[in-house]
Number of protein chains: 2
Amino acid sequence: MGPSPIAYPEGMARWEPDARDRLLRAALDLFAEQGYDDTTVIQIAQRAGLTKSTFFRHFRDKREVLFGGQDTLNGLLAEGIANAPDGATPLDAVAAALAAAAAIFIPARRDYAPALLAAIAANSELREREALKYTGFAEAMTEALRRRGVPDRPASVAAWLGVLAFGDAYSRWADPANPHEFGELARQALQELRTTVAELR
Amino acid sequence: MGPSPIAYPEGMARWEPDARDRLLRAALDLFAEQGYDDTTVIQIAQRAGLTKSTFFRHFRDKREVLFGGQDTLNGLLAEGIANAPDGATPLDAVAAALAAAAAIFIPARRDYAPALLAAIAANSELREREALKYTGFAEAMTEALRRRGVPDRPASVAAWLGVLAFGDAYSRWADPANPHEFGELARQALQELRTTVAELR
């Protein structure tokens with residue numbers, strides 16, 4: 001789908017193919033330059049060369065610029081588990097969830113991953129939001145495992161191991177020196193966690 | 001230590017032996033009656049029969065009324081791990097952490113546990129703060145395990161199993177129909193998680 005030739009009535013969304021990405025990059029630049037707390041939505045929109053109303057078509061507030069893909073990720077994790085083969089163990093299903101989630105970790109996203117991690121690490125409000133994001137991943141996977149008939153406790157433990165693998169893979173992937181894809185890093189991380197768990201006393 | 005007979009100069013804290021508890025109960029009542037968002041610090045202080053400045057001697061803001069004991073808990077969990085016997089496995093050390101944390105789960109705290117859980121469940125901002133609290137428990141235990149020489153990955157997995165056991169025990173303990181003490185519930189929950197983990201595939 002390319003730019004639309006239609007002249008929209010005033011107030012209707014214009015087609016801005018890369019607005020979301022421009023807003024994210026502008027926000028990350030400003031957060032790095034002047035801090036999250038001192039950055040306003042208007043400044044982000046201006047830096048991106050867009051209007052405040054374009055900002056609010058894409059994001060509820062400045063915090064959500066950093067947490068935009070969460071519903072998509074929850075959906076991919078749950079789908080991965082739902083689509084795992086019939087005989088898959090809970091941890092096999094979690095591996096399938098991580099493999100499905102890998103679809104969104106494209107190179108364009110990797111470019112801004114270090115700035116994203118730095119912005120979150122620098123602010124306690126954002127670290128809280130990040131903690132909730134991970135809790136959301138765990139809930140999405142736990143619920144998807146339950147729907148496969150996995151009892152509550154193993155579902156919850158397998159889901160949290162998936163979250164630990166996810167966090168581990170994401171921070172490795174965000175390292176520009178790391179040449180591996182997210183899917184491969186997540187697979188490795190979960191495999192290492194399975195070994196850890198098997199040896200845990 | 002009883003009420004002080006000393007006449008404090010103006011502006012200095014008077015001895016209000018149960019101020020903290022009165023503020024917490026007042027806050028929980030108001031959150032239940034009119035919702036967290038619509039409750040102000042002034043209303044909480046008034047309901048408790050105290051002043052706004054007394055409120056701020058005890059809590060940074062209304063949200064922290066619900067999350068006040070976190071530093072104490074982090075400290076107890078870390079101490080429990082530090083003081084576990086030399087030969088303790090990582091999960092034995094986590095069991096010692098939960099046993100140490102049990103010290104603060106006294107009957108007075110149990111009385112308001114259901115209202116506390118209800119207030120948190122009803123508000124997304126509070127659920128975020130709760131998620132951060134649990135992340136804080138995991139970090140405190142992971143760090144304490146590392147100081148015992150446990151490598152990163154088993155330290156992290158054991159700590160998160162401790163967090164799952166903690167959350168499980170707390171929600172059972174908050175049920176007025178449950179006759180067991182927190183320490184016993186946490187011990188059971190961790191034991192069940194160890195079995196789950198041993199069987200997880």
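Against the numbered list (1) assigned to a helix (DSSP H, G or I); (2) more than 22 Å from B:VAL163 (Cα to Cα), A:PHE166 comes up short only at (2). Scanning region B:106-122 turns up no residue that is acidic (Asp, Glu) and touching a Phe, Trp or Tyr at 6+ places or on another chain (Cβ under 8 Å).
Against the conditions (1) in contact (Cβ under 8 Å) with a residue 12 or more places away in the chain; (2) within 14 Å of another protein chain (Cβ to nearest Cβ), A:ALA131 satisfies every one except (1).
Residues in region B:129-163 that are over 15 Å from the mean Cα position of the chain (by Cα) and of a type in the set (D, E, K, R): B:GLU143, B:ARG146, B:ARG147, B:ARG148, B:ASP152, B:ARG153. The combined condition, being of a type in the set (Val, Ile, Thr) and at pLDDT below 95, is not fulfilled by B:THR142.
Scanning region B:140-149 for residues that are buried (at least 19 other Cβ atoms within 10 Å of the Cβ) and more than 12 Å from chain A (Cβ to nearest Cβ) gives B:ALA140, B:MET141, B:ALA144. Checking each residue in region B:121-131 for being buried (at least 20 other Cβ atoms within 10 Å of the Cβ) and among the aliphatic types (A, V, I, L, M) picks out only B:ALA131. Among the residues of region B:122-156, count how many are touching a Pro at 6+ places or on another chain (Cβ under 8 Å) and in a helix (DSSP H, G or I). Number of matching residues: 3.
Filter region A:119-128 down to the residues that are within 16 Å of the chain's Cα centre (by Cα) and of a type outside the set (A, V, I, L, M), then identify the one that is nearest to the other protein chains (Cβ to nearest Cβ).
Pass one, region A:119-128, residues within 16 Å of the chain's Cα centre (by Cα): A:119-121, A:126-128.
Still in the running and of a type outside the set (A, V, I, L, M): A:127-128.
Details: A:ARG127: 7, A:GLU128: 4 Å.
For region A:119-128, the residue satisfying everything is A:GLU128.
Could you go through region A:177-191 and let me know if any residue there is of a type in the set (A, V, I, L, M), in the same structural domain as A:LEU77 (by TED's automatic domain parsing) and modelled with pLDDT under 95. Checked against the condition, which is being of a type in the set (A, V, I, L, M), in the same structural domain as A:LEU77 (by TED's automatic domain parsing) and modelled with pLDDT under 95, region A:177-191 yields at least one hit. Going by the conditions given, is B:PHE137 more than 10 Å from chain A (Cβ to nearest Cβ), buried (at least 19 other Cβ atoms within 10 Å of the Cβ) and under 22 Å from A:LEU132 (Cβ atoms)? The answer is yes for B:PHE137.
Within the bounds of region A:78-98, is there any residue that is more than 30 Å from B:VAL197 (Cβ to Cβ), at pLDDT below 95 and surrounded by fewer than 16 Cβ atoms within 10 Å (Cβ to Cβ)? Looking for residues that are more than 30 Å from B:VAL197 (Cβ to Cβ), at pLDDT below 95 and surrounded by fewer than 16 Cβ atoms within 10 Å (Cβ to Cβ), one finds none in region A:78-98, hence no. Any chance region A:100-118 includes a residue that's surrounded by fewer than 22 Cβ atoms within 10 Å (Cβ to Cβ), within 13 Å of chain B (Cβ to nearest Cβ), part of a helix (DSSP H, G or I) and among the charged types (D, E, K, R)? No, that holds for no residue. Pairing each residue of region A:188-201 that is among the β-branched types (Val, Ile, Thr) with any residue that is surrounded by 14 or more Cβ atoms within 10 Å (Cβ to Cβ), provided the two are 6+ apart or on different chains, yields C-beta distances under 8 Å for A:THR196/B:ARG153; A:THR196/B:PRO154; A:THR196/B:VAL157; A:VAL197/A:LEU161; A:VAL197/B:VAL157; A:VAL197/B:VAL197; A:VAL197/B:LEU200.
Residues in region B:53-73: is at least one within 30 Å of A:VAL197 (Cβ to Cβ), touching a helix residue (DSSP H, G or I) at 6+ places or on another chain (Cβ under 9 Å) and of a type in the set (A, V, I, L, M)? Checked region B:53-73: at least one residue is within 30 Å of A:VAL197 (Cβ to Cβ), touching a helix residue (DSSP H, G or I) at 6+ places or on another chain (Cβ under 9 Å) and of a type in the set (A, V, I, L, M). Taking the criterion of being surrounded by 18 or more Cβ atoms within 10 Å (Cβ to Cβ) and of a type in the set (A, V, I, L, M), the residues of region A:189-199 that qualify are A:ALA189, A:LEU190, A:LEU193, A:VAL197. In region B:150-188, of all residues being at the interface with chain A (Cβ under 9 Å from one of its Cβ atoms) and aliphatic (A, V, I, L, M), the one that is surrounded by the most Cβ atoms within 10 Å (Cβ to Cβ) corresponds to B:ALA158.
The values are calculated or read from the model by the stated rules, or taken from the named source; none is laboratory data. Here the structure is a predicted model, which is why all the values come from computation and not from measurement. Because the Cβ atoms are built from the backbone with ideal geometry, glycine has one as well, and the counts that use them run over all protein chains shown.
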